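Inspection log for the structure reproduced underneath, given as structure tokens.
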Amino acid sequence: MKSTKVISPLLSCQALTELLRSPPKRISILEADIGKQFQQEFQSTHIPQARYFDQLECTQPTKLIPRGLPEIKCFESYLSRLGVSNNDHIVLYDRSPMGFYASTRAWWLFKTYGVNSLSILNGGFLKWLKETNKTESSDNNPAKTEETGKFTVRFNEQMIKNYNDILNLVSTNSKESQLVDARPPSLFNGANAGHIRGSLNVPYSQLFDQTNQGLKSNDELKKVFTDAGVNLSKPSIYSCQTGTTASALAFAAHILAQQSLSVYNGSFGEWKELAPPEFIIMLPVRTGFQLLTRWRPFLIHPSVRNVITGRSRSEAPQSVPDDWGTLKPLDKDPVSTPIVRDQKRVGAPNEVKGKEIEILWPTEREIQEGEYGKPQWERKQINHIWYGYDFNDKFQDEAKMKQRMFSLVSVGLFLFWFMWRYFPDRLLTNWCQREAYLRLAAHESLGQPGVSPWYVDPTKVEPYLPTDEELGDMQIEI
């Protein structure tokens, strides 16, 4: 009885060379591409016996899903023309730096359409050139126009998830499946991007060994998933921006023997357009002043911070807004401060007149909202001093005004220094002279008289001789 050799899902260049020399079964090598980006490069040189495979050949891109699944009948005819049948073992590779961009997406596409005998060349075409350098051109391997194989799609719905599946998972807070995002942290946690609520982050770039130009070892890959909080014994749904790099995570998890895995084809590109806002996690954008106040113990002294915010030492509030705009009082007891009635205040109600501790003269706004008749400790914190903290509308307005004046004066001084330093009178004079000369030359080249305001025709200037009265007794040497 003849035994069939099991082909690994991840092939080295040496393993593929031996597989081409003595194949245990029929082998179909496909160079995977997305949108015919490397078709001309493939025609000039490629791995021996390889066929060019464009994953977008039979697809209809949409606004939400630019890289959808191919139409089944068209895909079957396309693979049959490439000479691929269901009994073949398909080896995939691409021309990306690590070899796992278009190839892993093609791997997921074939798995979705019922192909289980698949392998990917570790390192792709670039590593093949570096280690083997055995190639051929399309002249020696012409493209086929007739169906030489018979490929039939057997759709596997377990490999793909759509928007409704993810929405049901997130809205019910289900723990049956894990959501894993392959995008870099700058997009996963970015203020202008975000991620699906409850998803974990395993960046696509962490799967590769930059030194060996290929996929990391199984132990290293397992550590990458474990450090991100992914449990490979539970079902996982992988996503990214358009469903491409998510396939690389799915392939790595497949190598690590994860039994149940799938890819959200629409990924975050579709999710951010359709999902409710509460299911999209986005970090707020912090302003520069908020960043300064967040790191104020390490960046600037409080006295310098008061200058930046426009407050003097006596006006510095004893309770300051924190990073999110809420009032954060200092950890000390309230201080009673004598109140000096200013012109904008109105008379205090009878129940608080004459008292010396924490007397707050109500403002016109408080009177309009009916808070003046309540005891001070029951009033709303509108714009008055709260438990002795000098932080009301008056101080806020003055601080804002001082801050704006400080900014305007700073910008004015900078512009004055810049103009004085880089635009002195000498440069301005030279520029004017040069401009006058160029204008005169332009007019003369067109046969027109010089009309430059800086140009004076010497022939039209009458000679000037001083009179006797102007000369006076001045001696003139001839």
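Considering (1) out of contact with any Leu (no Cβ under 8 Å at 6 or more places or on another chain); (2) surrounded by 14 or more Cβ atoms within 10 Å (Cβ to Cβ), the lone condition that E18 does not fulfil carries the number (2). Within segment 40-54, which residues are without any contact (Cβ under 8 Å) to a residue 24 or more places away in the chain and surrounded by 14 or more Cβ atoms within 10 Å (Cβ to Cβ)? Once the filter is applied, which keeps residues that are without any contact (Cβ under 8 Å) to a residue 24 or more places away in the chain and surrounded by 14 or more Cβ atoms within 10 Å (Cβ to Cβ), segment 40-54 yields only D54. Applying the condition of being among the hydroxyl-bearing types (S, T, Y) and not in a helix (DSSP H, G or I) to segment 11-34 and asking which residue is farthest from T244 (Cα to Cα) yields S22.
Only a single item in (1) within 18 Å of S138 (Cα to Cα); (2) surrounded by fewer than 20 Cβ atoms within 10 Å (Cβ to Cβ); (3) in contact (Cβ under 8 Å) with a residue 24 or more places away in the chain is not met by Q37, and it is number (3). Within segment 143-174, track down each residue that is at pLDDT 90 or above, assigned to a loop (DSSP other than H, G, I, E, B) and either on the phi > 0 side of the Ramachandran plot or within 26 Å of the chain's Cα centre (by Cα) (or both). Scanning segment 143-174 gives a single hit, N162. With the requirement that a residue be free of Cβ contacts under 8 Å to residues at least 60 places away in the same chain, under 14 Å from W128 (Cα atoms) and not aliphatic (A, V, I, L, M), what does segment 8-34 give you? Within segment 8-34, just E18 meets the criteria. Restricted to segment 213-232, and to residues there that are of a type outside the set (A, V, I, L, M, F, W, C) and touching a residue at least 12 places away in the same chain (Cβ under 8 Å), the residue that is nearest to A248 (Cα to Cα) is G214. As a summary of the residue check, C240 satisfies the conditions (1) surrounded by fewer than 22 Cβ atoms within 10 Å (Cβ to Cβ); (2) within 21 Å of G124 (Cβ to Cβ); (3) not charged (D, E, K, R) except for the one numbered (1).
Being closer than 29 Å to Y204 by Cβ, in the same structural domain as L121 (by TED's automatic domain parsing) and either in contact with an Asp or Glu (Cβ under 9 Å, 6 or more places away or on another chain) or buried (at least 20 other Cβ atoms within 10 Å of the Cβ) (or both) is a property that holds for A32. For segment 65-80, taking the residues that are among the hydrophobic types (A, V, I, L, M, F, W, C) and buried (at least 16 other Cβ atoms within 10 Å of the Cβ), the one that is farthest from E273 (Cα to Cα) is identified as L79. In summary, L215 fulfils each of the numbered conditions (1) surrounded by fewer than 20 Cβ atoms within 10 Å (Cβ to Cβ); (2) more than 22 Å from N265 (Cβ to Cβ); (3) of a type outside the set (D, E) with the single exception of condition (1).
Only one of (1) buried (at least 18 other Cβ atoms within 10 Å of the Cβ); (2) farther than 30 Å from E270 by Cβ is not met by S85, so which one is it? The number of the failed condition is (1).
Residues in segment 174-186 that are surrounded by 13 or more Cβ atoms within 10 Å (Cβ to Cβ) and free of Cβ contacts under 8 Å to residues at least 60 places away in the same chain: 2 in all. The set of residues in segment 175-212 that are within 15 Å of A248 (Cβ to Cβ), in a helix (DSSP H, G or I) and of a type outside the set (A, V, I, L, M, F, W, C) comprises Y204, S205, Q206.
The values are calculated or read from the model by the stated rules, or taken from the named source; none is laboratory data. These figures come from a predicted structure and were not determined experimentally. Cβ: placed from backbone, ideal geometry, glycine included. Neighbour counts: every protein chain shown.
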